[in-house]
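Worksheet: the structure to be examined is printed underneath.
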Amino acid sequence: MTTLQTRPEALDLSALQASVRGELTGPDSADYDEARTLYNAMIDKRPALIVRCTDVADVQAGLKFATEHGLRVAIRGGGHNGGGLGSVEGGLVLDLGPMNGVRVDPQARTVRVEGGATWGGVDHATHAFGLAVPSGIISTTGVGGLTLGGGLGHLSRKYGLTIDNLLEADVVLASGELVTASAEQHSDLFWAIRGGGGNFGIVTSFLFRGQPVGTVVGGPTLWTLDQAPEVMRWYQDFIRHAPEELTGFFTFLTVPPGPPFPEELHLQKMCGVVWCYTGPQDKADEVFAPIREFGPPALYGIQAMPFPALQSAFDGLYPPGHQWYWRADFVKELSDEAIEKHLEHARTLPTMLSTMHLYPINGAAQRVGQDETAWSYCDATWGMVIVGVDPDPANAGMIRDWCVGYWEAVHPYSMGGAYVNMMMDEGQERVQAAYRGNYERLTRIKGKYDPDNVFSVNQNIRAK
């Protein structure tokens with residue numbers, strides 16, 4: 001596929017318009033700028049055409065049009081991708097946003113989710129039945145992108161990654177054919193889409209296993225930045241031995257100036273852990289006792305709440321339209337030298353929204369074999385992400401420089417590769433490092449299902 005050479009207005013859209021139910025949006029459309037806007041405002045792309053898909057037939061028709069006209073194709077699900085890979089300059093965007101249905105089967109404990117849904121929609125539907133699908137930490141995140149990259153979040157230690165709870169997926173291939181990928185059908189494709197991203201086709205629906213989750217006990221605990229080395233050493237040991245019902249991700253942050261944070265902590269740079277406990281409520285005090293006592297924390301914000309409340313707790317801080325720059329790695333150990341480097345850059349958090357997170361991968365997530373799915377870092381202890389975030393475009397360079405400088409300082413203490421959902425456009429070497437020994441197998445499957453690299457607007461795996 002190549003970038004469009006013909007002027008967008010020269011495209012004959014009559015046949016496509018007749019074969020899709022969804023809207024077609026081009027540069028001359030009144031809503032073009034709104035339709036092309038990305039979650040990460042640092043990235044600005046002008047596609048030749050956006051197809052708002054309402055069903056599988058629209059996806060197939062849009063894909064056929066793109067291949068016939070030599071247009072590069074981008075797939076947009078929930079739209080959260082940090083690298084802006086849900087759009088393409090001069091190409092065609094298949095926007096799955098209207099395909100956002102969720103259907104729960106409470107007897108079978110399964111959840112059917114369309115490719116354009118967000119996790120907030122899934123949480124709303126499943127919570128009514130006392131269920132949840134393991135996902136991330138922000139409810140506005142798209143189901144498709146997060147799932148295909150792996151899926152780290154609040155439930156990983158208890159129930160594994162999102163892909164560990166995927167039972168099957170309906171996939172539109174580069175040929176336009178719709179297939180179902182599962183352990184029984186197209187098992188090689190099923191293996192590849194569990195971590196391999198959108199390289200192999202367009203997933204129009206997912207079937208997940210629902211897990212029993214209702215009211216959880218969780219929230220933040222915060223300590224002063226001066227305590228960070230001691231907290232990180234304590235946390236490293238604690239999270240390895242904590243009950244699997246308890247997950248907590250470590251963070252450096254600037255305390256937001258509003259509730260629920262006390263005024264004396266507002267805008268202070270601090271370290272903390274955001275916890276989620278899914279075990280028996282009557283055991284919560286016992287489980288949290290060592291957390292409550294360590295330090296003790298300057299803020300102990302633990303309380304019972306519905307799981308969707310925890311999942312959406314950060315939505316307001318990170319709406320669409322901010323400037324974002326990401327760097328990530330997988331981490332096995334937090335050595336004293338690494339902790340020193342972390343603290344050095346935590347002291348210079350450039351904006352209130354900039355942060356670093358360490359997401360635990362142990363527990364259930366670590367019991368999946370390294371070659372059972374394409375996601376190859378189940379032997380890691382954490383997925384680390386560093387993000388520079390700010391609403392002001394004037395600060396884009398500053399947050400990028402801080403993020404890259406931080407990453408360069410701590411990368412030597414990492415396992416070498418990163419979680420693909422938390423990468424920018426960083427080159428082929430970084431993509432290969434994300435998959436380690438699974439990369440060669442992925443290239444062979446790519447060659448089988450997408451030999452011409454139709455699906456190239458992603459963390460790209462090239463056919464072999």
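The values are calculated or read from the model by the stated rules, or taken from the named source; none is laboratory data. Small disclaimer: the values here were computed from a predicted structure and weren't measured. Because the Cβ atoms are built from the backbone with ideal geometry, glycine has one as well, and the counts that use them run over all protein chains shown. Areas reflect the complete protein model, heavy atoms only, side chains present, ligands, DNA and RNA absent. Shrake-Rupley method; radii C 1.70, N 1.55, O 1.52, S 1.80 Å.
Out of the residues in region 252-279 meeting the condition of being open to solvent by 40 Å² or more (accessible area, probe 1.4 Å) and outside any loop (DSSP other than H, G, I, E, B), tell me which one is nearest to R347 (Cα to Cα).
This residue is K269.
R103 passes all but one of (1) in contact (Cβ under 8 Å) with a residue 24 or more places away in the chain; (2) assigned to a strand (DSSP E or B); (3) of a type outside the set (S, T, N, Q); (4) open to solvent by 40 Å² or more (accessible area, probe 1.4 Å); which number fails?
Checking R103 against (1) in contact (Cβ under 8 Å) with a residue 24 or more places away in the chain; (2) assigned to a strand (DSSP E or B); (3) of a type outside the set (S, T, N, Q); (4) open to solvent by 40 Å² or more (accessible area, probe 1.4 Å), the one that fails is (1).
Within region 137-165, how many residues turn out to be without any contact (Cβ under 8 Å) to a residue 60 or more places away in the chain and open to solvent by 10 Å² or more (accessible area, probe 1.4 Å)?
Result for region 137-165: 1.
Would you say S135 is small (G, A, S) and within 22 Å of G437 (Cβ to Cβ)?
no
With the condition being open to solvent by less than 10 Å² (accessible area, probe 1.4 Å) and touching a residue at least 40 places away in the same chain (Cβ under 8 Å), I'd like the strands (runs of 3 or more DSSP E) fully within region 287-383 carrying at least 2 qualifying residues.
In region 287-383, 323-331, 355-360 are the strands (runs of 3 or more DSSP E) which contain 2 or more residues that are open to solvent by less than 10 Å² (accessible area, probe 1.4 Å) and touching a residue at least 40 places away in the same chain (Cβ under 8 Å).
Mind checking which residues of region 40-90 are buried (at least 22 other Cβ atoms within 10 Å of the Cβ) and of a type in the set (S, T, Y)?
S87
Quick test for you: out of D371, D336, pick the one residue that is touching a Pro at 6+ places or on another chain (Cβ under 9 Å) and at negative phi.
On the way: D371 fails: touching a Pro at 6+ places or on another chain (Cβ under 9 Å).
Just a single option satisfies the conditions, and that option is D336.
Any residue at all in region 107-114 that's surrounded by fewer than 23 Cβ atoms within 10 Å (Cβ to Cβ), touching a residue at least 12 places away in the same chain (Cβ under 8 Å), of a type in the set (D, E, K, R) and at negative phi?
Yes, region 107-114 has at least one match.
Could you go through region 204-226 and let me know if any residue there is polar (S, T, N, Q) and either under 26 Å from A57 (Cβ atoms) or modelled with pLDDT under 95 (or both).
For region 204-226, residues polar (S, T, N, Q) and either under 26 Å from A57 (Cβ atoms) or modelled with pLDDT under 95 (or both): present.
Give me a count of the residues in region 327-349 that are farther than 22 Å from I361 by Cα and of a type in the set (S, T, N, Q).
Going through region 327-349 one residue at a time, the tally reaches 1.
Out of the residues in region 26-39 that are assigned to a helix (DSSP H, G or I) and open to solvent by less than 40 Å² (accessible area, probe 1.4 Å), which is nearest to L92 (Cα to Cα)?
R36
Among the residues of region 183-202, which ones are open to solvent by 10 Å² or more (accessible area, probe 1.4 Å) and either part of a strand (DSSP E or B) or in contact with a helix residue (DSSP H, G or I) (Cβ under 6 Å, 6 or more places away or on another chain) (or both)?
Selection gives D188, R194, G197, G198.
Kindly establish whether R436 is free of Cβ contacts under 8 Å to residues at least 40 places away in the same chain and open to solvent by 20 Å² or more (accessible area, probe 1.4 Å).
Numbers: free of Cβ contacts under 8 Å to residues at least 40 places away in the same chain: no; open to solvent by 20 Å² or more (accessible area, probe 1.4 Å): yes.
So R436 does not fit the description; no.
With respect to V213, determine if the residue is within 23 Å of K158 (Cα to Cα) and open to solvent by 10 Å² or more (accessible area, probe 1.4 Å).
In short, no.
Restricting region 437-457 to residues that are of a type in the set (D, E, K, R) and under 24 Å from the mean Cα position of the chain (by Cα), which is nearest to E68 (Cα to Cα)?
To start, the set of residues in region 437-457 that are of a type in the set (D, E, K, R) comprises 440-441, 444, 446, 448, 450, 452.
Adding the requirement that they be under 24 Å from the mean Cα position of the chain (by Cα) leaves 440-441, 446, 450.
Numbers: E440: 30, R441: 29, K446: 21, D450: 16 Å.
It comes out as D450.
Consider G417 carefully, then state whether it is without any contact (Cβ under 8 Å) to a residue 24 or more places away in the chain and either part of a helix (DSSP H, G or I) or within 30 Å of R444 (Cα to Cα) (or both).
no
State which residue is nearest to M270 (Cα to Cα) when the search covers only region 216-235 and only residues that are open to solvent by 10 Å² or more (accessible area, probe 1.4 Å) and in a helix (DSSP H, G or I).
The residue in question is L225.
Take the residues in region 384-398 that are closer than 14 Å to T348 by Cβ and crowded, with 22+ Cβ neighbours inside 10 Å, then tell me which one is nearest to the chain's Cα centre (by Cα).
Applying the filter and picking the extreme gives I386.
Confirm whether M398 is of a type in the set (A, V, I, L, M) and in a loop (DSSP other than H, G, I, E, B). Before you say what the answer is, go through the steps one by one.
Values: of a type in the set (A, V, I, L, M): yes; in a loop (DSSP other than H, G, I, E, B): no.
For M398, the condition - of a type in the set (A, V, I, L, M) and in a loop (DSSP other than H, G, I, E, B) - is not met.
Mind telling me which of the residues T215, T254 ends up being under 30 Å from T126 (Cβ atoms) and hydroxyl-bearing (S, T, Y)?
Of T215, T254, the one residue that is under 30 Å from T126 (Cβ atoms) and hydroxyl-bearing (S, T, Y) is T215.
So, in region 91-100, how many residues would count as being in a loop (DSSP other than H, G, I, E, B) and open to solvent by less than 30 Å² (accessible area, probe 1.4 Å)?
4
Quickly run through region 408-425 and pick out the residues that are open to solvent by 40 Å² or more (accessible area, probe 1.4 Å) and not hydroxyl-bearing (S, T, Y).
The answer is E408, H411, P412, M415, D425.
Select from region 236-251 the residues that are in a helix (DSSP H, G or I) and out of contact with any strand residue (DSSP E or B) (no Cβ under 7 Å at 6 or more places or on another chain) and write down the one among them that is nearest to R292 (Cα to Cα).
Per the stated criteria, the residue is F238.
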